[in-house]
1. From the phi angles alone, apply the Karplus equation (6.51, -1.76, 1.60; θ = phi - 60°) to region 183-194 and give each ³J(HN,Hα) in whole Hz, x where the residue is Gly or Pro.
2. May I ask you to list the residues of region 92-127 whose amide nitrogen lies under 13 Å from a point 7 Å from Cα along the Cα→beta-carbon direction of Gln52?
3. What's the angle, to the nearest 10 degrees (0 to 90), between helix 89-110's Cα axis and the longest principal axis of the chain?
4. Suppose every Lys and Arg Cβ carries +1 and every Asp and Glu Cβ carries -1, with no other charges. What dipole size does the chain come out with about its Cα centre, to the nearest 20 debye?
5. Counting pairs of Cα atoms in region 2-279, how many percent are more than 36 Å apart?
6. With each pseudo-label sitting 7 Å past Cα toward Cβ, what's the Lys223-Leu5 distance in nm, one decimal?
7. Say we join alpha carbon atoms closer than 10 Å with springs in a Gaussian network model of the chain; which of Leu184, Leu209, Leu22 then has the biggest fluctuation?
8. Cα centroids of region 77-92 and region 183-248: how far apart, whole angstrom?
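Each reported figure results from applying straightforward, stated rules to the coordinates on display, with no laboratory input. Note that this is a predicted model, so its numbers are computed, not measured. Note that we place each Cβ from the backbone using ideal geometry, even for glycine, and neighbour counts take in every protein chain shown.
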Amino acid sequence: MLTLLFDGIAYGMLLFVLALGLAVTMGLMNFVNLAHGAFAMAGGYLLVLLMQRAGWPFLAALPVCFVMPALAGALLERTLYRPMYAKPHLDQVLFSIGLTFMAVAAVDYFVGSSQLNVQLPDWLRQRWEFFADTPFMLGIGAYRLFIVVTCCLLAAALQLVLVRTRFGSRLRAAVDDPRVAAALGIPVDRVFLLTFAVGSGLAGLGGALGADILGVDPSFPLKFMVYFLIVCAVGGSSSITGPLAAALLLGIADVMGKYYLPKLGGFIVYTLMIVILLWRPQGLFTREATR
């Protein structure tokens, strides 16, 4: 039981990092970017290719999996996404879904359709067991523990940036009223550019961290798009606390459901989502955005 709980927490923390960038663009920038999963897929492929074909160590490849999707996100924000900010949400959905299918087709053509596996270093393959031979046995894998610790540090750092830094105050001001913020001298476009880039980079990092658990193949953005949307819808997409709580609930429910009721695993997750949204239609933690 405790082992399943820990695995669910690790899975939930991974979903949190993967979905956080989407939560930022939806809640803070009011832009529906369903191509978010493509950045996560890019991070996963970068990790596998750097490790297998270039011989990079695991820890050295992880920063690249953040930087490269962040740069790609910044470039796309300046060239393709920014003109779509003022468009209706339906146009944004169709536009970003089109980008997703283009990314899937491009990866399938250049890399292949088969799933790629990451070769983790030996120190991440270890496993420890506590309270063995008891109903409360806890098995902790080094890789999942690494994911939990890394994601907790990321969540704390992002919360600190949003609450305690000048950039965070500028972002909140730009969200509350972009025109007034611009009149006060805040570079709103630059703030949103950096925010979009960081969200894309976090998606890439999440895709790299989850390469061993989630797998890496061209269908990645389509398989996990619904999970990203559930995290944003249930948690609310205008804070870090909401997506974190929703991702943990989703991760634990998914792992528990698939273990105890494998044929009803998906049913349990969606039932939980419906119940929460009936109770809190705007999500667990929501702050209204204006853009």
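1. Once rounded to whole Hz, the list reads 5, 7, x, 7, x, 4, 4, 5, 5, 5, 4, 5.
2. Label zone hits: 111-120.
3. Approximately 50 degrees, to the nearest ten.
4. Numbers: 19 positive and 14 negative charges, 126 e Å.
In debye, rounded to 20, the chain gives about 600.
5. Values: 5564 of 38503 pairs.
Of all Cα-Cα pairs in region 2-279, 14 percent lie more than 36 Å apart.
6. For the pair Lys223/Leu5, the computed spacing is 2.9 nm.
7. Comparing Leu184, Leu209, Leu22 in the GNM, the peak value goes to Leu184.
8. 17
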